[in-house]
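What follows is a single structure, written as structure tokens, with notes after it.
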Amino acid sequence: MKIGIDLDDVMAICSVPYLRRFAQEFNVELPDESQIGWHLLSQKEIGAGYDTVVPGLEKVTPEQRDQFRIRLYDSTFFAELEVYKDCPVVLERLVAAGHELYFITARAERRRYITETWLREKGIFDHAKAVHLKPVGDFRPEYPRGRYDPAGSADYKVRLANELELDAFCEDDVVISQTLAKAGVRVFLFDQPWNREVRGERITRVTGWSDLAQHLGI
Ligand SMILES: [Mg+2]
């Protein structure tokens with residue numbers, strides 16, 4: 001099979017260190033680690049009185065969040081992420097079993113160096129046929145700079161899935177996984193606190209890399 005694999009929160013442990021830094025910066029207290037995730041930053045959920053909302057978060061404006069994200073991503077943040085346990089060994093076995101792997105991230109193309117250096121350090125760079133980052137011209141100009149854009153990233157990943165004729169995609173994002181599945185791509189949804197509601201045709205939830213290996217019979 002040709003398999004697309006997302007980076008952040010699939011290979012790299014990203015949301016927990018991000019939220020920890022965010023909490024430090026804005027002086028808010030986070031829930032238990034198992035509950036930490038991108039859903040805590042969702043403003044819609046805050047407005048609707050989301051029950052795990054972080055006290056104090058409502059005073060951080062969208063602009064402050066965007067600025068924080070830009071500053072953090074421009075720092076050494078991506079270089080310092082941990083890789084999920086079992087990810088390297090399962091990737092190795094997937095390749096040995098004849099699967100073709102494509103690492104596909106919505107990180108901006110200008111982050112290629114820090115991204116590929118990280119992949120090399122973790123010993124997983126060579127498992128990929130190619131590493132794709134979001135091209136410079138691919139960002140929606142009307143969209144606030146620095147703000148996470150799941151719809152734009154979903155379009156980008158569906159386009160690549162078609163171009164590369166991918167059979168499957170490993171993903172954690174709610175919008176991206178559903179868009180890929182609708183476009184006919186089988187999705188292995190890596191379980192995270194923010195995607196628990198996601199289900200549907202062509203979507204298989206996996207608890208992590210060992211679980212994925214079992215599903216693929218390797
Ligand atoms: Mg991700």
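Hey, does segment 103-115 have a residue that's under 22 Å from S177 (Cβ atoms), among the β-branched types (V, I, T), in a helix (DSSP H, G or I) and within 16 Å of the ligand (Cβ to nearest atom)?
yes
Are there any pairs with C-beta distances below 7 angstrom linking a residue in segment 8-24 that is within 16 Å of H132 (Cα to Cα) to a residue that is open to solvent by 30 Å² or more (accessible area, probe 1.4 Å) and not in a helix (DSSP H, G or I), with the two at least 6 apart or on different chains, and if so which?
M11/V83; M11/Y84; A12/V83
Would you check if there is a residue in segment 132-147 being touching a strand residue (DSSP E or B) at 6+ places or on another chain (Cβ under 9 Å), among the charged types (D, E, K, R) and either within 15 Å of L7 (Cβ to Cβ) or open to solvent by less than 50 Å² (accessible area, probe 1.4 Å) (or both)?
Yes, there is a match, as at least one residue in segment 132-147 is touching a strand residue (DSSP E or B) at 6+ places or on another chain (Cβ under 9 Å), among the charged types (D, E, K, R) and either within 15 Å of L7 (Cβ to Cβ) or open to solvent by less than 50 Å² (accessible area, probe 1.4 Å) (or both).
May I ask you to say which residue of E142, E116 is in contact with a Phe, Trp or Tyr (Cβ under 9 Å, 6 or more places away or on another chain) and free of Cβ contacts under 8 Å to residues at least 24 places away in the same chain?
The unique qualifying residue is E116.
Is it the case that segment 65-75 has a residue that's open to solvent by less than 70 Å² (accessible area, probe 1.4 Å) and touching a strand residue (DSSP E or B) at 6+ places or on another chain (Cβ under 9 Å)?
Yes, because at least one residue in segment 65-75 is open to solvent by less than 70 Å² (accessible area, probe 1.4 Å) and touching a strand residue (DSSP E or B) at 6+ places or on another chain (Cβ under 9 Å).
Please specify each residue of segment 189-207 satisfying the condition of being hydrophobic (A, V, I, L, M, F, W, C) and either within 12 Å of the ligand (Cβ to nearest atom) or touching a residue at least 40 places away in the same chain (Cβ under 8 Å) (or both).
L189, F190, W194
In this structure, is E109 in the same structural domain as S177 (by TED's automatic domain parsing), more than 20 Å from P150 (Cβ to Cβ) and within 17 Å of the chain's Cα centre (by Cα)?
No, not satisfied.
Spot the failing condition for V158; the list is (1) away from the ligand (no atom under 16 Å from the Cβ); (2) outside any strand (DSSP E or B); (3) modelled with pLDDT of 95 or more, and only one is missed.
Of (1) away from the ligand (no atom under 16 Å from the Cβ); (2) outside any strand (DSSP E or B); (3) modelled with pLDDT of 95 or more, only one is false for V158: (1).
Test each condition in (1) away from the ligand (no atom under 16 Å from the Cβ); (2) open to solvent by 40 Å² or more (accessible area, probe 1.4 Å); (3) modelled with pLDDT of 95 or more for A48 and report the one that comes out false.
Only one criterion in (1) away from the ligand (no atom under 16 Å from the Cβ); (2) open to solvent by 40 Å² or more (accessible area, probe 1.4 Å); (3) modelled with pLDDT of 95 or more is unmet by A48, namely (3).
For residues in segment 164-188 being open to solvent by 40 Å² or more (accessible area, probe 1.4 Å) and among the aliphatic types (A, V, I, L, M), which is farthest from the ligand (Cβ to nearest atom)?
A183
The values are calculated or read from the model by the stated rules, or taken from the named source; none is laboratory data. Here the structure is a predicted model, which is why all the values come from computation and not from measurement. For neighbour counting, all protein chains shown are included, and Cβ atoms are generated from backbone atoms with ideal geometry for every residue, glycine included. SASA here: full protein model, heavy atoms, side chains in, ligands and nucleic acids out. Shrake-Rupley method; radii C 1.70, N 1.55, O 1.52, S 1.80 Å.
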